[in-house]
Amino acid sequence: MTLSLTASIGQLPEKAEDISPLLAGEIFPDLQVTALNGESVSTQQIFSEKSTVLVFYRGGWCPYCNTHLSELGKNEAEILNLGYQIVAISPDAAEGLQKTTAKAEINYRLFSDASGDLAKSAGIAFQAPEKYGKMLSESSGGKNEGFLPVPSVFVLNTSGEILFEYINPNYKKRLSGDLLLAVLKALKAEQ
């Protein structure tokens, strides 16, 4: 078992700066994520409901993530009025998502990608520093083999096509709510 864990982690970039994310115009992979209630849901099913602001965050343990999720929550009504839904995904196990919802005071949906399949397919996963290992394993219900997603925001249409993305390897720098609203308004105007 150790060999396979090492082999799969060894395939991930060592640093956040070395990721190779999906690009605008590409289609997001159709994989399974886990809802708060533990139900497995297809990403394509989620994206087909409405154009989507898709947020990847490091976990409910990350204060920068919670601040960013809260800021998006404050803009949620305006984002919904523009015809978008907000979906946030982290490596936290489904059980831990409820704590994040309460802590960040948000109403939009959170999903678990504890194994990292979606983050890896999106090209935003990298090897977490060793000091995070135990905490990541615990917060993911033992499924996280030592990866983190680079905090990212994607705007997708109902086909899962990436219309816009913001990805910054510096986890302290996030897309502001004002800039996101400007992007969404510009995309709406183009339609």
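The values are calculated or read from the model by the stated rules, or taken from the named source; none is laboratory data. Only a predicted model underlies this, so the values are computations on that prediction, with no experimental measurement involved. Cβ atoms come from the backbone with ideal geometry, glycine included; neighbour counts cover every protein chain shown.
Quick one: in the range 171-191, which of the residues that are among the charged types (D, E, K, R) and in a helix (DSSP H, G or I) is nearest to L156 (Cα to Cα)? Among residues in the range 171-191 that are among the charged types (D, E, K, R) and in a helix (DSSP H, G or I), the one nearest to L156 (Cα to Cα) is K188. D18 meets each of the listed conditions (1) among the charged types (D, E, K, R); (2) closer than 22 Å to Q98 by Cα; (3) more than 14 Å from the chain's Cα centre (by Cα) apart from (2). Restricting K172, K134, K120 to residues that are surrounded by fewer than 19 Cβ atoms within 10 Å (Cβ to Cβ), among the charged types (D, E, K, R) and touching a residue at least 40 places away in the same chain (Cβ under 8 Å) narrows the list to K172. The residues on offer are G116, G83, G59, G38, and the sole one that is more than 15 Å from the chain's Cα centre (by Cα), at positive phi and at pLDDT 95 or above is G83. Restricting attention to the range 149-169, the residues being surrounded by fewer than 20 Cβ atoms within 10 Å (Cβ to Cβ), in a strand (DSSP E or B) and among the β-branched types (V, I, T) number 2.
With respect to the conditions (1) free of Cβ contacts under 8 Å to residues at least 60 places away in the same chain; (2) under 30 Å from A189 (Cβ atoms); (3) in contact with a Lys or Arg (Cβ under 9 Å, 6 or more places away or on another chain), P151 lacks only one, and its number is (1). Can you confirm whether the range 54-72 contains a residue that is within 26 Å of A189 (Cα to Cα) and touching a Phe, Trp or Tyr at 6+ places or on another chain (Cβ under 6 Å)? Checked the range 54-72: at least one residue is within 26 Å of A189 (Cα to Cα) and touching a Phe, Trp or Tyr at 6+ places or on another chain (Cβ under 6 Å). Being in contact with a Gly (Cβ under 6 Å, 6 or more places away or on another chain) and of a type outside the set (S, T, N, Q) is the requirement here; does A104 meet it? The answer is no for A104.
Of the set (1) out of contact with any helix residue (DSSP H, G or I) (no Cβ under 6 Å at 6 or more places or on another chain); (2) buried (at least 23 other Cβ atoms within 10 Å of the Cβ); (3) of a type in the set (G, A, S); (4) in contact (Cβ under 8 Å) with a residue 40 or more places away in the chain, all apply to A93 but (2). If you go through the range 7-46, how many residues are hydroxyl-bearing (S, T, Y) and either closer than 20 Å to Y84 by Cα or in contact with a His (Cβ under 7 Å, 6 or more places away or on another chain) (or both)? Number of matching residues: 2.
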